[in-house]
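K.L.:
Below is a structure I'd like to ask you about.
Nothing in this text is a laboratory measurement; each read-out follows from the coordinates by a stated rule. Just so we're clear, the structure is a prediction, and the values are computed from it rather than from any experiment. Cβ placement follows ideal geometry from the backbone for every residue including glycine, while neighbour counts extend to all protein chains displayed.
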Amino acid sequence: MSAKLFLLVALLGAAVSAHAAAAKANWLTNCSECHGKDGRGRTGEGKKLKITDLTNPTVQASFTDAQAFKVIKHGLKDDRGDVMHSTSYRLTDDEIAALVKHVRSLKRR
Ligand code: HEC
């Protein structure tokens, strides 16, 4: 992504507030590049990172809301480096909490 586009996306992300529609918009802006619009992670980045399928109930059960909040806020590092970036500089805690709910809503029933 170009730096200008990234900045635009980051600004758009910061401009939306914390209700469900906004959480979905935040998901599309900040998360779907890797996790996919539907959360299944079938994206170029997702495949490269061997991302798990967030619609899978077993995957959903593998983390608590508090863990998800922490990962979304502070990012995730593993032996490959920074695999998920921190959003703390562009999303408020309320927006992050709304994203946790959005992530839960992706679960297959
Ligand atoms: C640069 C790619 C990338 C982006 C962008 C990204 N993630 Fe992730 N995410 C990952 C990877 C890699 C993992 C770890 C592997 C896995 O569990 O699938 C992960 C894991 C997660 C998990 C599981 C946490 C856990 O404890 O297992 C959640 C929830 C999550 N991401 C939500 C989000 C949300 C919400 C956003 C947007 C704010 C986001 N991700 C943006 C790559 C990304």
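K.L.:
Test of understanding: extend the Cα→C-beta vector of residue 74 to 7 Å, then name every residue of the range 86-108 with backbone N under 20 Å from that spot.
P.N.:
From the range 86-108, the list is 86-101.
K.L.:
Taking K and R as +1 and D and E as -1, what net charge do the other residues with C-beta under 15 Å from the C-beta of residue 34 add up to?
P.N.:
Local net charge: +2.
K.L.:
Please compute the length gained on full extension between residue 43 and residue 94, using 0.36 nm multiplied by the number of residues separating them and subtracting their Cα-Cα distance.
P.N.:
15.6 nm
K.L.:
Turning to a different aspect of this structure: Can you give the calculated 222 nm mean residue ellipticity of the chain, where each DSSP H run of n ≥ 4 adds -39,500 (n - 2.57) and the sum is split over every residue, rounded to the nearest 500 deg cm²/dmol?
P.N.:
Helix contribution divided over all residues of the chain: -15500 deg cm²/dmol.
K.L.:
Ok, one more. From the mean inverse distance of alpha carbon pairs (Kirkwood) and the Cα radius of gyration, derive Rg over Rh for the range 3-105.
P.N.:
Ratio of gyration radius to Kirkwood radius: 0.93.
K.L.:
Please get the size of the charge dipole for the chain, origin at its Cα centre, with Cβ charges of +1 on Lys and Arg and -1 on Asp and Glu, quoted in debye to the nearest 20.
P.N.:
So the magnitude is around 380 debye.
K.L.:
Going by average Cβ density within 10 Å per residue, which order do the peptides 31-40, 52-61 take, highest to lowest?
P.N.:
The most tightly packed comes first, giving 31-40, 52-61.
K.L.:
How high is the FRET efficiency from residue 62 to residue 20, r the C-beta distance, R0 25 Å, rounded to 0.05?
P.N.:
Given R0 = 25 Å and the Cβ-Cβ separation, E is 0.55.
K.L.:
Separate question: How high is the relative contact order of the range 23-90, in percent, counting Cα pairs under 8 Å that sit 6 or more residues apart?
P.N.:
Reported as a whole number, the value is 17 percent.
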